[in-house]
Amino acid sequence: MRIFLKHLFLYLLAPLAYGQVQEEINPPSHIRSIVFKGPTEDQFPLVTLGETIYLEFDDLTANEQDYYYKIVHCDYDWTPSDLLKSQYLKGVDNQRIINYENSYNTLETYSNYQLTLPNENVSLKVSGNYMLEIYNSGYELQFSRRFVVYKDILKVGGTVKRSRDFDFLNEKQVVHFTINAGNFRLVNPKKEIKVAILQNHYWPTALYNIPPQFTIGNELVYRYDQETAFFGGNEFLLFDTSDLRTPTSQISHIEVRDLYHHYLFGDDYRYDEPYTYFPDINGDFVVRTLQGQDNSREAEYTNVHFSLPYEETLGLDDIYIFGKFNNYALEDWNKMTYNEKNGMMEAELKMKQGFYNYRYVAKSEEGKVRLNAVGGNFHFTENNYLILVYYRDFGEIYDSVIGIGSVSSANISN
């Protein structure tokens, strides 16, 4: 009873602390392999009302701990909206995740937790930005993830162009797009409509607060050059540990100790080399194993070894291994260290079996992050761009999402 009252008190008190921008929180070291997606394979839940959202994660303590989930509705700028829980949720959140099992026949033991939304306890009523928060039994926030619910009312079309800025002619990509309102009535589109543009579903570099350049009838036109430009980056590097015992084109050799150790071939700098295309999944990852039937419970954790030659251009910057596998976080566990014996930057990361994209990122002592210091920027790079269209009518108290568009730079033009 005391625990119940504590949870109830904190649950009612939490909205009073809201008002600040809701950032994604990354988990403690014992929580790994967070898979969060909608109906598609992309680990970016973008769904219509009623579509299924799926969350999965592992707890390496394997103690079958209790975890609870909470759902927060947010406005365009990711501050909590003024809606009451009852206005955006049908049912009640703050429920315990009851679907979990321990790993089976693995060297690394872990508990695997799974959650689907909507479920018998809760479903969503309105579109917009949402934050899913996961708490432990002490009501301590373990991690949080953003997702977006939309209504397909407006049509969004677009293309990706090469930059016209001669300083970035070979490095940047520009997104041109239009929003067609059709029969949807817009009184003051510059006030009612807002957009967000994301490259490869990566929130930190999203572009906001871009007004339409001009309107033609019921169509809003965005044909900027600098305002909707992104650095192209380079294709992600990749490796596959689905087969524990067989080296691949990315893996030089495998050792077996307390866990399996996969040693990748050393990587090179690509910023000063010609662009070379090879398929990637734009930073994402897929958990899978060839040694079992259940990827969630039978996939093994392996220690993956990365190496990159030290180069003077890095200076004193810290180098991190970066990808969706850790939600693009720059933390101690994915930071490389310098090996004086061989002059290499090295790292050893514990990762669940599967197919992974990654890249190297530099961060200075002042906190400046250089995403493409190692890989370089190329306008040829294949990137996906997501356009989210938000709407708030006069008198409404929240921002809804009434249209989405997706364009690729695969067919970039001048």
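Brief remarks on what is shown
- Modelled label reach - Lys335, point 7 Å along Cα→Cβ, the stretch 301-327 residues with backbone N closer than 20 Å: 304-327
- J(HN,Hα) series, the stretch 221-232, from Karplus relation 6.51 cos²θ - 1.76 cosθ + 1.60, nearest Hz, glycine and proline x: 10, 10, 10, 6, 10, 7, 5, 10, 9, 10, 5, x
- Cα-only Debye scattering, the stretch 81-170: base-10 log of I(q)/I(0) at q = 0.21 Å⁻¹: -1.18
- The residues of the chain present an accessible area of 48 Å² per residue when probed at 1.4 Å with all protein chains retained.
- Rounded if a/c under 1.5, otherwise prolate or oblate - the chain, Cα gyration tensor axes: oblate
- Charged side chains reduced to their Cβ positions (Lys and Arg at +1, Asp and Glu at -1) give the stretch 267-345 a dipole of some 320 debye around its Cα centre.
- Cα→Cβ-extended label distance, 7 Å offset, between Glu192 and Asn121, nm: 3.9
- The accessible surface of the stretch 311-368, taken with every protein chain in place and a 1.4 Å probe, is 44 percent carbon and sulfur.
- Taking the empirical scaling 2.2 N^0.38 Å for compact globular proteins as reference, the stretch 111-224 has a Cα radius of gyration ratio of 1.43.
- Taking Cα centre as origin and charging only the Cβ of basic (Lys, Arg, +1) and acidic (Asp, Glu, -1) residues, the dipole magnitude of the stretch 214-259 rounds to 80 debye.
- Nonlocal amide H pairs with Lys155, under 5 Å, H built at 1.01 Å: Asn180
- Pair Asn218, Glu311: separation of 7 Å Cα→Cβ label points (nm): 5.2
- Between the amide H of Arg288 and those of Gly354, Phe355, distances stay under 5 Å, these residues lying 5 or more places away or on another chain, with hydrogens modeled in the peptide plane.
- Placing +1 on the Cβ of every Lys and Arg and -1 on the Cβ of every Asp and Glu, with nothing else charged, gives the chain a dipole about its Cα centre of roughly 1420 debye.
- Scattering from the stretch 307-385 was approximated by placing one identical point on each alpha carbon and applying the Debye formula without solvent; log10 I(q)/I(0) at 0.23, 0.24 1/Å stands at -1.22, -1.28.
- Net length gained if the chain between Asn170 and Ser137 were fully extended (0.36 nm per residue, minus Cα distance): 6.7 nm
- Extension gain, Leu49-Lys350: 0.36 nm per intervening residue step, less the Cα-Cα distance, totals 104.7 nm.
- Top positive-direction residue, dipole computed over the stretch 247-381 with Cβ charges, set Tyr310, Gly292, His379: Gly292
The values are calculated or read from the model by the stated rules, or taken from the named source; none is laboratory data. It should be emphasised that the depicted structure is a prediction, and the values quoted were computed from it without experimental measurement. Methodologically, a virtual Cβ is constructed for each residue, glycine included, from the backbone with ideal geometry; neighbour enumeration extends over all protein chains shown. Areas reflect the complete protein model, heavy atoms only, side chains present, ligands, DNA and RNA absent. Shrake-Rupley method; radii C 1.70, N 1.55, O 1.52, S 1.80 Å.
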